[in-house]
Amino acid sequence: MKVLIVGGVAGGASAAARLRRNDEHAEIILFERGNYISFANCGLPYYIGDVIREKSKLTLQTPQSFFDRFRVDVRTGNEVIGIDRESKKVRVKLLA
């Protein structure tokens with residue numbers, strides 16, 4: 001089975017992790033238009049208030065750590081701009 005997930009952070013990363021637990025052989029590709037696939041939303045007020053001064057302290061997963069843990073191909077800086085369900089193809093714009 002091959003699964004494409006559009007969007008990371010809480011929803012996409014959680015879906016990818018859950019899918020991996022349910023199917024260890026699935027090919028999972030996660031597209032995220034931003035640079036981060038996961039960050040601590042609850043820490044944002046502390047970052048804005050200068051309690052947490054380093055943005056890196058809010059990053060929970062990197063594409064490499066997510067791959068190492070869940071074997072998910074994470075593609076940051078990639079915006080999905082079209083989905084053709086019949087032909088099972090997506091159009092992706094590289095933002096980097």
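The values are calculated or read from the model by the stated rules, or taken from the named source; none is laboratory data. Given the structure is predicted, the values throughout are model-derived calculations rather than measurements. Every residue, glycine as well, gets a Cβ built from its backbone with ideal geometry; the counts of neighbours run over all protein chains shown. What goes into the accessible areas is simple: the full protein's heavy atoms, side chains included, and nothing from ligands, DNA or RNA. Shrake-Rupley method; radii C 1.70, N 1.55, O 1.52, S 1.80 Å.
For segment 2-23, the condition holds for at least one residue, the condition being that it is part of a loop (DSSP other than H, G, I, E, B), exposed (fewer than 13 other Cβ atoms within 10 Å of the Cβ), on the phi < 0 side of the Ramachandran plot and not hydrophobic (A, V, I, L, M, F, W, C). Looking only at segment 41-82, how many residues end up being modelled with pLDDT under 90, open to solvent by 90 Å² or more (accessible area, probe 1.4 Å) and under 25 Å from I29 (Cα atoms)? Matching residues across segment 41-82 total 1.
Based on what the data block shows, is K93 in contact with an Asp or Glu (Cβ under 7 Å, 6 or more places away or on another chain), free of Cβ contacts under 8 Å to residues at least 40 places away in the same chain and either open to solvent by less than 50 Å² (accessible area, probe 1.4 Å) or of a type in the set (K, R) (or both)? Yes. Taking R53 as the residue in question, decide whether it is within 19 Å of R21 (Cα to Cα) and either touching a His at 6+ places or on another chain (Cβ under 6 Å) or not aromatic (F, W, Y) (or both). Considered against the rule, which asks whether it is within 19 Å of R21 (Cα to Cα) and either touching a His at 6+ places or on another chain (Cβ under 6 Å) or not aromatic (F, W, Y) (or both), R53 comes out as no.
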